[in-house]
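Shown next, in C-alpha cells, is the structure this report addresses.
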Amino acid sequence: MNPIEPVPCFVGGDEMPLGASFDKHDPATGRPNARVAEADAALVDAAVTAARAALRGPWGRTTLDQRIAFLEKLAAHMEASLATIVAAEIADTGKPVTVTTGIEIPRAIANLRAFAEIARQAPEETFETPMAGGRARNRVLRHPVGVIGIVAPWNLPLLLLTWKVAPALVCGNAIVVKPSEHSPRTALMLARMAKACGLPDGVLNVVHGHGAGAAGAFLVAHPGVDAVSFTGETRTGEAIMRAAAAGPRPVSLELGGKNPALIFADCDLNAAIAGTARSMFDNCGQVCLTTERVFVQRPIFERFAAGLAAAAKALKPGDPRAPETTLGPAISAVQREKVLGLYATAKAEGAQVLTGGGALEMPAPFADGYWVEPTLWAGLPDTAEICRREVFGPCAHLSVFDDEDEVVARANASEFGLAATVWSTDAARVERVGAELQSGTVWANCWRVRDERAPFGGFKRSGIGREGGARSLDFYSELKTLCVFE
Ligand code: NAD
C-alpha cells in the first residue's frame with residue numbers, strides 16, 4: 001500500500017499548512033495516494049500578493065543574463081533529480097516509466113534551456129526614421145508584464161508547465177501556477193527546486209485545487225493577475241477568456257483538438273502505421289496532438305487498418321514502473337467514464353469496431369485502475385459525434401478517401417485546428433496539402449517532433465495566440481518603443 005503523500009500549496013517561498021484538502025488517486029490502481037490542498041480565495045490572494053511583492057524585490061532588478069543563468073541552473077538541478085521527478089509524475093498520472101524518463105521529463109527540462117537560449121539570441125529590434133534635421137532611432141524594449149496566472153492541464157503536467165514558466169521567468173515576471181487537480185506533484189516540486197536554486201521568494205507560487213468555482217477560477221478572476229496563460233479544454237478556455245475580459249487582461253489559450261491523419265497510398269506503409277499508432281496511443285491518447293480522425297486512401301485501407309489494429313493489440317498495459325509497459329491508464333475515474341461513454345456513443349452510432357471498444361480488465365493490483373481499451377472504429381460518416389468530438393482517449397475512427405482535394409476538405413471540416421499529420425512520399429503533395437490544412441502544426445512523415453523555437457498553437461477553436469520561440473517572449477513581455485531624436 002502506497003503512503004498518502006501531502007501536497008501543499010507553495011506561497012511566498014513557503015509550503016503552506018494543508019488546510020482544506022482532497023484525495024488524489026493513483027490512476028493505475030484507483031487507490032488514493034495523495035492528499036492535496038484545496039486553496040481558497042484568501043490563499044490565492046496571498047499568492048498573487050506574494051508575486052506582486054516579489055516584482056518589487058531583487059527579482060525585479062535582475063538582468064536578462066541573470067535570469068538566463070537561473071534557468072540553466074534550474075535545468076541542471078532538475079536533471080540531477082530526474083528519478084525523483086519521474087516518480088512523482090508517475091504517481092500522479094500512471095504514465096509508463098519509459099515515456100516519463102525517456103521523453104517527457106527530459107523535454108520539460110529542455111524547455112528551460114531552450115527558452116534561456118531563445119532569450120539570449122533574441123535580437124534587439126531598431127528602426128531608423130529619417131526626419132528634417134536628423135533622424136529618430138526607435139528601439140524596442142521588453143518589460144515584464146507583471147504577475148502571470150498559469151492554469152495547466154494534467155496530460156503532460158511538467159512539460160506543459162515549463163513551456164510557460166520558462167519564458168515567463170526569463171522575461172522577468174512573477175507567477176502563480178494552478179496545476180491540474182489530477183497532477184499536482186511536479187508543480188510543487190518545480191517550485192521547491194526553483195527555491196533551492198536561489199529564486200527569490202514569491203516569484204513562483206503554486207496554488208492547488210479545482211478549476212470552476214475554486215482555485216482556478218479565483219486565480220483568473222483576481223485583479224492582481226496581469227495576464228493568463230492557459231492550456232486545457234476549449235470550454236474552459238471560454239470561461240477563462242470571460243474572466244480575463246475584466247481588466248481586460250491578455251490571454252494565451254492552448255485548447256482542444258480533433259486531429260486528422262491523412263494516409264496517402266504512396267506512403268511508406270510500415271512507417272505510416274507505426275507513426276499513426278504512436279500518435280493515437282502515446283500517453284493513452286491523452287495528448288492534445290493525438291490523432292483521432294484517420295483518413296486512408298482506398299487502395300491501402302485494408303492493409304493500413306489491419307496494421308493499426310495489430311499495433312493496438314501489441315500494446316502492453318501494466319505496471320507504469322515496469323520498463324515493458326507501453327500503455328498507461330486514463331487519468332481519473334471521471335475521464336475513464338467519459339471515454340467509455342464515447343465508446344458507447346460510437347457503437348450506438350453504428351460504428352464497426354475494428355478492435356477494443358470497452359474497459360480494459362486488469363489483474364490485481366491494477367483491477368480498480370482507470371484502464372480503457374485501445375480502440376479503432378470504421379464505417380461512420382464524418383458528421384458522427386465520434387468523428388467530431390475530442391475523446392482524449394486511445395482511439396480513432398478510420399475512413400476511406402479517394403483524392404487529395406476531398407481529403408483536405410474533410411480534414412478541414414472541423415471546429416478544431418491544432419495538429420494534422422500527412423503520410424506520403426510525394427514531396428510536392430506534402431507541400432500542397434501542408435499549405436491547405438487549417439492547422440497550427442502539420443507534420444509530414446513524422447509526429448510530435450517539436451522545436452521550441454517554432455510557433456505552436458491552434459486554428460479555430462483550438463486556441464488563441466501562439467507560444468514558442470519569440471512568440472512566447474512577446475506574450476510574457478510588454479513591448480515598449482523608445483524613440484530618440486538624434
Ligand atoms: P481542463 O480544461 O478540464 O482543465 C485544465 C485546467 O483548468 C485545470 O487546472 C483545471 O482545474 C482548470 N480549470 C477548469 N475550469 C476552470 C475555470 N472555470 N476557471 C479556471 N480554471 C479552470 O482540461 P484538462 O482536462 O486538464 O486537459 C485536457 C484538455 O486540454 C484537452 O481538451 C486537450 O486537448 C487540452 N490540451 C491542449 C493542449 C494544447 O497545447 N493546445 C495541450 C494539452 C492539453
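The values are calculated or read from the model by the stated rules, or taken from the named source; none is laboratory data. As the structure is a prediction and not an experimental result, all values here were calculated from the model. All Cβ positions, even for glycine, are placed from backbone atoms using ideal geometry, and neighbour counts span all protein chains on display.
Regarding the stretch 385-402, can at least one residue be identified that is assigned to a helix (DSSP H, G or I) and polar (S, T, N, Q)?
Checked against the condition, which is being assigned to a helix (DSSP H, G or I) and polar (S, T, N, Q), the stretch 385-402 yields no hits at all.
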Practice problem: Can you give me the number of residues within the stretch 201-222 that are surrounded by 20 or more Cβ atoms within 10 Å (Cβ to Cβ), more than 7 Å from the ligand (Cβ to nearest atom) and not aliphatic (A, V, I, L, M)? | Solution: 6
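Being among the polar types (S, T, N, Q) and either touching a Phe, Trp or Tyr at 6+ places or on another chain (Cβ under 8 Å) or free of Cβ contacts under 8 Å to residues at least 40 places away in the same chain (or both) narrows it down to one residue among Ser21, Ser81; which is it?
Only one candidate qualifies: Ser21.
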Quiz item: Among (1) within 28 Å of Gly102 (Cβ to Cβ); (2) in contact (Cβ under 8 Å) with a residue 40 or more places away in the chain; (3) within 27 Å of the chain's Cα centre (by Cα), where does Met362 come up short?
Solution: (3)
Exercise. Out of Glu233, Glu238, Glu254, report the one residue that is crowded, with 21+ Cβ neighbours inside 10 Å and at negative phi.
Key: Glu254
Practice problem: With the checklist (1) outside any helix (DSSP H, G or I); (2) within 13 Å of the ligand (Cβ to nearest atom); (3) without any contact (Cβ under 8 Å) to a residue 24 or more places away in the chain in hand, flag the one item Val225 doesn't pass. | Solution: (3)
Quiz prompt | Residue check, Ala272 touching a helix residue (DSSP H, G or I) at 6+ places or on another chain (Cβ under 8 Å) and closer than 24 Å to Ser472 by Cβ | solution = no
Quiz item: Which residues, counting only those in the stretch 1-38, are of a type in the set (A, V, I, L, M, F, W, C) and either more than 25 Å from the chain's Cα centre (by Cα) or assigned to a loop (DSSP other than H, G, I, E, B) (or both)?
Solution: Met1, Ile4, Cys9, Met16, Leu18, Ala20, Ala28
Practice problem: Kindly check whether there is at least one residue in the stretch 367-376 that is closer than 12 Å to Ala351 by Cβ, of a type in the set (A, V, I, L, M, F, W, C) and surrounded by fewer than 23 Cβ atoms within 10 Å (Cβ to Cβ). | Solution: no
Quiz prompt | Residues (under 13 Å from Thr375 (Cα atoms), away from the ligand (no atom under 16 Å from the Cβ) and assigned to a helix (DSSP H, G or I)) located in the stretch 282-309 | solution = Ala305, Ala306, Leu308, Ala309
Exercise. Tell me which of these Asp201 doesn't satisfy, since it passes every other one: (1) within 23 Å of the chain's Cα centre (by Cα); (2) touching a residue at least 12 places away in the same chain (Cβ under 8 Å).
Key: (1)
Practice problem: Might you check whether a residue that is part of a strand (DSSP E or B), crowded, with 16+ Cβ neighbours inside 10 Å, touching a residue at least 40 places away in the same chain (Cβ under 8 Å) and on the phi > 0 side of the Ramachandran plot occurs anywhere in the stretch 458-465? | Solution: yes
Quiz item: Are any residues in the stretch 466-486 part of a loop (DSSP other than H, G, I, E, B) and among the small types (Gly, Ala, Ser), and if so, which ones?
Solution: Gly468
Exercise. Within the stretch 328-359, work out how many residues are among the small types (Gly, Ala, Ser), within 16 Å of the ligand (Cβ to nearest atom) and in contact (Cβ under 8 Å) with a residue 40 or more places away in the chain.
Key: 4
Exercise. List every residue pair whose Cβ atoms lie under 9 Å apart, where the two residues are 6 or more positions apart in sequence or sit on different chains, the first residue falls within the stretch 302-327 and is at pLDDT below 95, and the second residue, located anywhere, is surrounded by fewer than 15 Cβ atoms within 10 Å (Cβ to Cβ) and part of a helix (DSSP H, G or I).
Key: none
Quiz item: What residue, of Glu38, Glu5, is surrounded by fewer than 22 Cβ atoms within 10 Å (Cβ to Cβ), over 29 Å from Val97 (Cβ atoms), touching a strand residue (DSSP E or B) at 6+ places or on another chain (Cβ under 8 Å) and touching a residue at least 40 places away in the same chain (Cβ under 8 Å)?
Solution: Glu38
Quiz item: Among the residues of the stretch 261-270, is there at least one that is at pLDDT 95 or above and either among the polar types (S, T, N, Q) or farther than 25 Å from Arg429 by Cα (or both)?
Solution: yes
Practice problem: Give just the number: which of (1) touching a helix residue (DSSP H, G or I) at 6+ places or on another chain (Cβ under 6 Å); (2) of a type outside the set (Val, Ile, Thr); (3) surrounded by 21 or more Cβ atoms within 10 Å (Cβ to Cβ); (4) on the phi > 0 side of the Ramachandran plot does Gly469 not satisfy? | Solution: (3)
Quiz item: Within the bounds of the stretch 237-247, is there any residue that is within 16 Å of the ligand (Cβ to nearest atom), touching a residue at least 60 places away in the same chain (Cβ under 8 Å) and either out of contact with any strand residue (DSSP E or B) (no Cβ under 9 Å at 6 or more places or on another chain) or over 20 Å from Asp45 (Cα atoms) (or both)?
Solution: yes
Exercise. May I ask you to say which residue of Gly133, Gly172, Gly146 is modelled with pLDDT under 95, away from the ligand (no atom under 14 Å from the Cβ) and on the phi > 0 side of the Ramachandran plot?
Key: Gly133
Exercise. Can you tell me which residue among Arg107, Arg120, Arg113 is assigned to a helix (DSSP H, G or I) and loosely packed, with under 14 Cβ neighbours inside 10 Å?
Key: Arg120
Exercise. Select, from Gly417, Gly393, the only residue that is within 16 Å of the ligand (Cβ to nearest atom), in contact with a Ser or Thr (Cβ under 6 Å, 6 or more places away or on another chain) and at pLDDT 95 or above.
Key: Gly417
